[in-house]
Each structure stands twice: as C-alpha cells, then as structure tokens.
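The values are calculated or read from the model by the stated rules, or taken from the named source; none is laboratory data. What you are looking at is a predicted structure, and each value in this text was computed from that prediction instead of being measured. Using ideal geometry, Cβ is built from the backbone for each residue, glycine included, and neighbour counts are taken over all protein chains shown. The area values use the complete protein model at the heavy-atom level, side chains included, leaving out ligands, DNA and RNA. Shrake-Rupley method; radii C 1.70, N 1.55, O 1.52, S 1.80 Å.
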Amino acid sequence: MKKFQILVAALLCLSGLNAQEANSLLWKIEGNGLDQPSYLFGTIHAICPDDLKLSAKVEDALTKVEQIVLEVDMDDPDMMVEMQRLSINPGMENFSANLAAEDLALLDEYFQEHYEADLSDLGSFKPFLLLSMMNMKSLECARPAAFEAVLVGYAKTNEWDLFGLETPSELIAIFDEVEQKQQLEWLVQYAKNEDVYKQEFAKLIEMYKMEDISGLLDLFKEYPEYQLIEEAILDDRNEKWVDPITKFATNKPTFFGVGAAHLAGEKGVINLLKNVGYTVVPVQ
C-alpha cells in the first residue's frame, strides 16, 4: 500500500502570463466569513527522504487545524484499489504490440535496469503510469518519499478527518484523453533522454526548496507531456477545487496540501481564492 501511495503521488505530479507570487510554499486563507484561518501548502509529490522536511512554519500551521485535505484521499483503501483498477489497460491489453521493435527493446532495457521487469509484465498498465514510474527514477535516491504520506500520518496521529479534492476517476480521465500513441512517444523520449530529465528534475527540487512557486510553475510547463494537457491538469482542476476548498474551510480550519505548481499564476489556486473574496497571504 505504501509503495502504491508513492506511485499515486508521482502520478499526481503529472500540470498566460503568470502573476509573480511571493516565495512561500505555505499560505494562510482567511476572511470571507471564515471563523478561523485555513492553510494552503504546496507539496512536491516525489522527493528524496533527506529533503522531506516540514519547515517550522508548516509544523506550526498543523497545530492550528482540525482536518487535512489533499488532492485525493490517499488514506482510503477503496480509493487505492480504484486507482489501481483505473491504471490498467482495458481488458489487460499489453501495449507492447504498438511499439516499434527498437522502441520496445529500449523500454524493456530501461525497466529491467530500474524495476527488474520488462513490458511483458508492465505493458498491461496504462503508459502514463509507467511515465510516473520513470519520473520517480529521476531522483538520486533508491526510495523516494512524498509529503502526502507525512500529512496522512499527521491526520492519523491526531485522529483528524482526511479528505480529497477530487476522485481517482476524475484525475485519470485527464490522461485517458491523451492518445496512447502520444503517451508511448513520451515513454520512448524519456528513456532516450534520461540524463536530461534527471537534470531538469534536480532543478525542480532545488526550486522547490527555495519555495519559488512561480518558477516551479514555469518549469513545470516546459515539460512536453504537460504542455498538451496543461489546461486540464492545472487550470481546470484549480477552478474545480475552489468550491470544495471553500466548503472545507468553512466547516473547520483545514490544512490543504496540493502540488506546488497549482499555487501560482493568474489561474492558480491562490489567485482564484482571492477572486472569490478570501485574503490569501504568504506565511514566511
């Protein structure tokens, strides 16, 4: 279950003009009728354990809330089962037959090296799931971790409710809109340019540690697989999240944890909450 939680987190990684936001991963939400403030925290869905540290300000914010809300409810066993089901090709069809021989050999070599399995085992999964597995290997550590898992732990320890802003089917439907041929091209390009992607991911990690959410958004948009579904993976989801965020925050002081790329920009969650009347300020 823990391994699949990390895999889901990696999957979650997959988001005009950007308003420049303050360099902070933590934002206080108040006003607009709220009795108590809530907090919005930008996570990164895969990071090496040595870098998985909650800052003092985040630890403090967690003492002031009564529930946690993530992109999806990662503590729900039914959700995890559903995510696994939705990640398999219809009829368990293996997509290997749709690859050129040289591309199949390339991907078999990649997954044998990193996962001790080839596409005869993994090809029944949808390509976007394998892309998330490849993203995990961009990190220079054997066992990547996720802030979401830490937040799930906080909820359990404090016996808080844990909720999600969307369902697994809503998330995976975004990737299902992309033709399999395009997804397979992404896999091949990643395998061919693994070192380049590792360098880019290292830049992303450093930018995250600097809490540069505007820079993270810009870097995120440079990835070709996200450019094709940018509106669906970022803008549309941000817009859909405003209503449930409002309801959760009105009910109880809430700690919201979403991917940091969702925070900044004209269509980011921070600006959208401001547009409906909330005061959203960085916590330094």
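Rounded, prolate or oblate: which fits region 162-238, taking a ≥ b ≥ c as square roots of the Cα gyration tensor eigenvalues, rounded meaning a/c under 1.5, else prolate when a/b beats b/c? Walk me through the intermediate numbers first.
On the way: a/c = 2.02, a/b = 1.08, b/c = 1.87.
It comes out oblate by the Cα gyration axes.
For the chain, report the accessible area per residue in Å² (1.4 Å probe, heavy atoms, rounded to an integer).
In whole numbers, the chain has 46 Å² accessible per residue.
Restricting to lysine pairs 8 or more places apart or on different chains, what number in region 192-284 have Cα atoms under 29 Å apart?
Total qualifying Lys-Lys pairs in region 192-284 comes to 22.
Which of the GluC sites (Glu not before Pro) across region 74-152 are loop residues per DSSP, with 14 or fewer other Cβ within 10 Å?
Loop-located and lightly packed - Glu93, Glu116, Glu140.
At a Cα cut-off below 16 Å, give the aspartates and glutamates reachable from Lys53, other chains included and same-chain residues fewer than 8 away excluded.
Filter leaves Glu148, Glu206, Glu211.
Given a Förster radius of 35 Å and the C-beta distance between Ser124 and Thr279 as r, what FRET efficiency does 1/(1 + (r/R0)^6) yield to the nearest 0.05?
0.10
If I compute solvent accessible area with a 1.4 Å probe over the protein chains, what percent of it on the chain is carbon and sulfur?
49
Give me the compactness ratio for region 98-207, meaning the Cα radius of gyration over 2.2 N^0.38 Å.
Rg over 2.2 N^0.38 Å, computed on Cα atoms: 1.27.
What is the antiparallel percent of DSSP beta bridges lying wholly in the chain, to the nearest 5?
Expressed as a percentage, antiparallel bridges in the chain total about 45.
Just how many % of Cα pairs in region 15-158 lie over 28 Å apart, if you round to the nearest whole percent?
40
Using θ = phi - 60° and the Karplus form 6.51 cos²θ - 1.76 cosθ + 1.60, what ³J(HN,Hα) does each residue of region 244-256 get, whole Hz, x for Gly and Pro?
So the Karplus estimates, Gly and Pro as x, are x, 4, 4, 5, 5, 5, 5, 6, 8, x, 10, 9, 9 Hz.
Would you rank Asp50, Asp103, Asp161 by solvent-accessible area, highest first, keeping every protein chain in place and using a 1.4 Å probe? If you can, show how the numbers build up before the last one.
Values: Asp50 120, Asp103 35, Asp161 75 Å².
Reading off the accessible areas and sorting them downward yields Asp50, Asp161, Asp103.
Along the positive direction of the dipole of region 178-284 (beta-carbon charges: Lys, Arg +1; Asp, Glu -1; about the Cα centre), which of Pro253, Trp186, Trp241 reaches farthest?
Checking the options against the dipole of region 178-284, the answer is Pro253.
So if I average 1/r over every pair of distinct C-alpha atoms in the chain and take the inverse, what Kirkwood radius in Å does that give?
Details: mean 1/r = 0.0515 Å⁻¹.
When all Cα pairs of the chain are included, the Kirkwood radius is 19.4 Å.
Compute the length gained on full extension between Asn158 and Glu200: take 0.36 nm times their separation in residues and subtract their Cα-Cα distance, giving the result in nm to one decimal.
11.4 nm
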